[in-house]
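Data block below; observations after.
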Amino acid sequence: MADDWRNGGFGLYVHWPFCEAKCPYCDFNSHVSINIDQKQWLDAYLSELKRSATETPERVLNTIFFGGGTPSLMAPETVAAVIDAARSLWRPANDMEITLEANPGSVEAGRFAGYRDAGVNRISMGIQAMNDEDLRRLGRIHSVAEARAAFDIARSCFDRVSFDLIYARQYQTLEDWRAELTEALSMAIDHLSLYQLTIEAGTAFGDRYSVGKLRGLPEDDSAADMYLATQEICEAHGMPAYEVSNHAVPGAESRHNLIYWRYGDYVGIGPGAHGRITVDGQRIATETHLAPTAWLKATARGNGEKLRTPLTAEEQANEYLMMCLRLTKGLDIDRYCRLAGRSLPQTKLDYLQEIGMITQQENRLAATADGRAVLNAVIRELLE
Ligand SMILES: C[S@@+](CC[C@H](N)C(=O)[O-])C[C@H]1O[C@@H](n2cnc3c(N)ncnc32)[C@H](O)[C@@H]1O
Ligand code: SF4
């Protein structure tokens with residue numbers, strides 16, 4: 001079990017916690033700040049990289065992911081220095097995937113060539129909606145025309161460009177979404193992330209929702225229909241779901257995110273970043289300080305980490321199940337049994353299979369499209 005992470009690979013997540021404006025639906029660790037000292041941030045990242053590499057030496061690094069926040073606000077030189085350091089601290093895989101999340105504004109598009117020269121080879125762009133009225137409702141500061149222009153620039157710089165859309169938005173009908181998704185697919189290259197709008201507590205949308213002022217949201221049934229239509233339309237366009245919210249031409253899946261879902265090891269640096277690393281055969285959950293200033297201060301003292309929790313075999317098995325069932329291919333039953341030291345309850349498997357939520361084929365357990373639409377309930381049933 002010590003080497004279980006080898007089944008999932010090894011990646012590096014770098015969190016950049018700043019945005020130009022805060023979107024009202026978003027509960028990611030993102031802040032608006034006018035004074036960002038890129039040099040101070042780079043020094044902090046470099047110190048965290050060194051600390052992390054000391055614990056995980058000699059690993060082959062498969063992927064790097066710059067997530068946020070809005071990493072397309074990072075100076076290309078900062079991105080380049082982080083990539084160079086990671087390449088020298090671990091053994092870089094020949095085909096290392098290096099993704100950067102970008103907002104589709106004109107300013108960020110101007111930096112794309114710099115990111116490419118820094119070593120980034122994949123862009124994930126938050127387009128969110130394909131009409132200006134809805135972009136405004138989502139509090140976005142770009143127009144569809146700007147997003148399309150930024151996407152074209154990204155395409156000219158990178159072979160791999162994915163984009164995100166949010167559906168089940170205010171006043172959106174099933175027919176609206178079908179038309180919007182079809183339009184998006186005509187522009188997509190080989191990967192799309194399609195998220196159902198979640199109303200998160202503590203966000204501006206959450207506050208409005210709790211006092212009944214977020215109007216026009218689709219009913220649960222209608223949102224579920226949108227989910228199923230998403231599966232069907234993407235599949236018909238050759239971009240089937242490989243995960244609950246992610247669609248790709250086979251072979252173009254996000255390798256970094258696959259590390260999470262296959263329960264591999266990953267180092268997480270930057271404010272609020274989570275990691276899962278195996279040190280001396282023990283798998284550990286790590287979490288860094290959430291507030292940017294607290295994280296910077298902690299890194300200046302030599303360690304940005306706030307929490308470090310060894311995971312029991314049971315916890316690892318549960319996490320593996322929760323992550324891997326998100327994948328269309330599902331999980332490896334033998335691997336689950338090895339981690340858990342027991343098998344899954346047969347009566348529950350039979351019941352979930354009977355009601356069309358899961359399938360079991362040889363050594364794989366997978367959720368069906370209906371099951372993935374209500375995945376949390378399926379997982380709860382299996383783990384209870
Ligand atoms: C960390 S954000 C980063 C992307 C980038 N900052 C941007 O907004 O373009 C990743 C993606 O999560 C999705 N997202 C964030 N909050 C969401 C919510 N409450 N419901 C559904 N999707 C959400 C958006 O599609 C967003 O592009
Ligand atoms: S959705 Fe993206 S741009 Fe908007 S606040 Fe969240 S991280 Fe920032």
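Laid out as a table, the results:
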read-out	value
Among the residues listed as 111, 51, 91, 87, the single one being within 16 Å of ligand 2 (Cβ to nearest atom) and at pLDDT 95 or above	111
Residues of region 146-155 classified as more than 12 Å from residue 103 (Cβ to Cβ) and either in contact (Cβ under 8 Å) with a residue 12 or more places away in the chain or in contact with a Pro (Cβ under 7 Å, 6 or more places away or on another chain) (or both), total	4
When residues of region 10-57 are limited to those that are touching a residue at least 24 places away in the same chain (Cβ under 8 Å) and touching a Lys or Arg at 6+ places or on another chain (Cβ under 7 Å), the one farthest from ligand 1 (Cβ to nearest atom)	10
Residue satisfying all of: in region 17-35; within 14 Å of the chain's Cα centre (by Cα) and either part of a strand (DSSP E or B) or of a type in the set (A, V, I, L, M, F, W, C) (or both); farthest from residue 65 (Cα to Cα) among these	26
Test result for residue 28, within 16 Å of ligand 2 (Cβ to nearest atom) and out of contact with any Phe, Trp or Tyr (no Cβ under 9 Å at 6 or more places or on another chain)	yes
Residue, surrounded by the fewest Cβ atoms within 10 Å (Cβ to Cβ), within region 114-143, restricted to residues that are free of Cβ contacts under 8 Å to residues at least 24 places away in the same chain and within 16 Å of ligand 2 (Cβ to nearest atom)	136
For residue 377: the one exception among (1) within 23 Å of the chain's Cα centre (by Cα); (2) closer than 22 Å to residue 231 by Cα; (3) surrounded by 15 or more Cβ atoms within 10 Å (Cβ to Cβ)	(3)
Helices (runs of 4 or more DSSP H) enclosed by region 125-211 - at least 1 residues per element that are within 23 Å of residue 240 (Cβ to Cβ)	144-157, 174-187
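The values are calculated or read from the model by the stated rules, or taken from the named source; none is laboratory data. The shown structure was predicted, so the numbers you read here are calculated from the model rather than taken from an experiment. Because the Cβ atoms are built from the backbone with ideal geometry, glycine has one as well, and the counts that use them run over all protein chains shown.
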